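Beneath this line is the structure, given in structure tokens, with notes to follow.
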Amino acid sequence: MDDVKLIVGDIKKGKIKPIYFLMGEEPYYIDAISDYIEKNILSEEEKGFNQMTLYGRDVSVEDIISNAKRYPMMAERQVVIVKEAQDLSRTIDKLEAYAKNPQPTTVLVVNYKYKKLDKRKSVYKAIKKVGVVFESKKLYDNQVADWIRRVLSGQDYTITPKASQMLVEFLGTDLSKIMNELNKLKIILPPGTQITPEHIEKNIGISKDYNNFELRKAIGYRDTVKAFKIINYFGENPKDNPMVVTVSLLFNFFSQLLHLHGLHDKNPRSVATALKINPYFVQEYIDAARNFPMRKVSGVIGTLREFDVKGKGVNSNAVSQSDLLRELLVKIFN
């Protein structure tokens with residue numbers, strides 16, 4: 001996020017590079033930088049003759065270079081945006097020749113999603129020398145909640161730990177999807193609002209009481225009544241609560257409990273750092289570790305592996321997701 005702010009800040013100051021090569025596993029920031037350049041480098045009057053969008057599946061690298069070498073018409077610059085450039089991965093090295101002598105009046109933006117250039121290659125070095133090479137890295141699950149908090153804090157909103165966790169568990173690590181939902185909330189809620197689980201439930205449709213976050217919590221506290229209520233809800237709403245997601249999250253939870261059992265320093269701050277979790281949730285993990293000794297945790301991890309396979313239809317004899325989840329809970333609690 002800091003690199004994005006730096007790139008955008010330089011553009012605002014007029015420090016515009018001839019090439020922006022945007023690559024990596026996370027498309028959200030690639031789109032954000034590309035969209036900013038598309039909207040802000042040229043005026044509306046200049047865009048008609050001096051801004052074009054090309055698609056990797058429809059053009060060659062030679063076509064891109066040919067367009068980039070054109071001169072602008074009645075404008076200081078032209079902007080050439082190449083989307084889905086990863087479709088040109090086999091020939092992208094040919095861009096090196098242009099990078100060594102770029103057209104100073106052209107801003108070439110290459111969106112190279114889900115892939116990246118080898119930093120040892122000369123094409124990478126040539127582009128880096130004259131332009132910007134930005135790698136958009138995928139966030140890990142345990143980083144997304146903090147990303148949500150940082151994004152909202154910059155827009156005069158706050159969010160409770162539980163609310164951010166609900167978003168992560170429902171939407172995963174897809175930052176574009178998360179941002180879409182946050183934008184919906186910002187339309188409804190005034191600046192200065194703290195976003196709560198109630199806001200999430202009312203406006204996004206994620207149940208604040210019946211979700212994987214609450215299931216994990218109920219299991220950790222050995223609250224069998226609540227856990228089975230949540231599982232029954234999942235069984236009635238399988239499309240919104242796929243078993244594969246539930247099993248994956250529980251597997252991560254018990255893997256973290258196993259890690260917690262192995263820690264010598266169980267100070268809450270040390271636990272938060274070691275498990276890479278929000279300090280707000282540390283006590284929940286400590287309590288769960290008391291309720292599930294190390295040997296039991298190891299057994300549950302094995303059970304979760306077994307049910308992960310069953311949930312994908314292997315050796316489950318067409319048993320419903322709801323029945324499989326109930327059977328899983330019985331084995332976890334016994």
Within segment 197-268, report the trypsin sites (Lys or Arg not before Pro) that DSSP leaves as loop and that have at most 12 other Cβ atoms within 10 Å.
Lys239
Taking the Cβ-Cβ separation of Asn232 and Val4 as r and a Förster radius of 45 Å, what is the calculated FRET efficiency to the nearest 0.05?
0.55
Calculate the spin-label point distance for Asn180 paired with Asp265, positioning each point 7 Å from the Cα along the beta-carbon direction, and give it in nanometres.
4.3
One-quarter of the Cα convex hull surface for segment 24-168, in nm²?
10.6
Just the number, please: percent antiparallel of the DSSP beta bridges in the chain, rounded to the nearest 5.
0
With the 8 Å Cα cutoff and a minimum separation of six or more residues, the chain has a relative contact order in percent of 15
For P(r) over Cα pairs in 20 Å bins from 0, in percent, the listed values are (1) 31, 56, 13, 0; (2) 26, 43, 28, 3; (3) 27, 45, 23, 5, 0; which was obtained by calculation from the structure presented?
(2)
With R₀ set to 22 angstrom, the calculated FRET efficiency between the beta-carbons of Asp63 and Tyr36, to the nearest 0.05, is 0.35
Please tell me which of these pairs span more than 23 angstrom C-alpha to C-alpha: Lys121/Lys276; Lys13/Lys94; Lys113/Lys177; Lys12/Lys177?
Lys121/Lys276; Lys13/Lys94; Lys12/Lys177
Helix 224-236 sits at what angle to the longest principal axis of the chain, using alpha carbons and giving 0 to 90 degrees rounded to 10?
50
Those trypsin sites (Lys or Arg not before Pro) in segment 34-118 that DSSP places in a loop and that have at most 16 other beta carbons within 10 Å
Arg57, Lys69, Arg70, Arg90, Lys115
Please list Thr173, Thr158, Thr106 from largest to smallest accessible area, probe radius 1.4 Å, with all protein chains kept in place.
Thr158, Thr173, Thr106
Reachable lysines, given that their alpha-carbon falls under 27 Å from the alpha-carbon of Lys229 and they are not under 8 places away in the same chain:
Lys162, Lys202, Lys208, Lys217, Lys239, Lys296, Lys310, Lys312, Lys331
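The values are calculated or read from the model by the stated rules, or taken from the named source; none is laboratory data. Here the structure is a predicted model, which means the values were calculated and not measured. Cβ coordinates were reconstructed from backbone atoms using ideal geometry, including for glycine residues, and neighbour counts include every protein chain displayed. Accessible surface areas use protein heavy atoms only, side chains included; no ligands, DNA or RNA. Shrake-Rupley method; radii C 1.70, N 1.55, O 1.52, S 1.80 Å.
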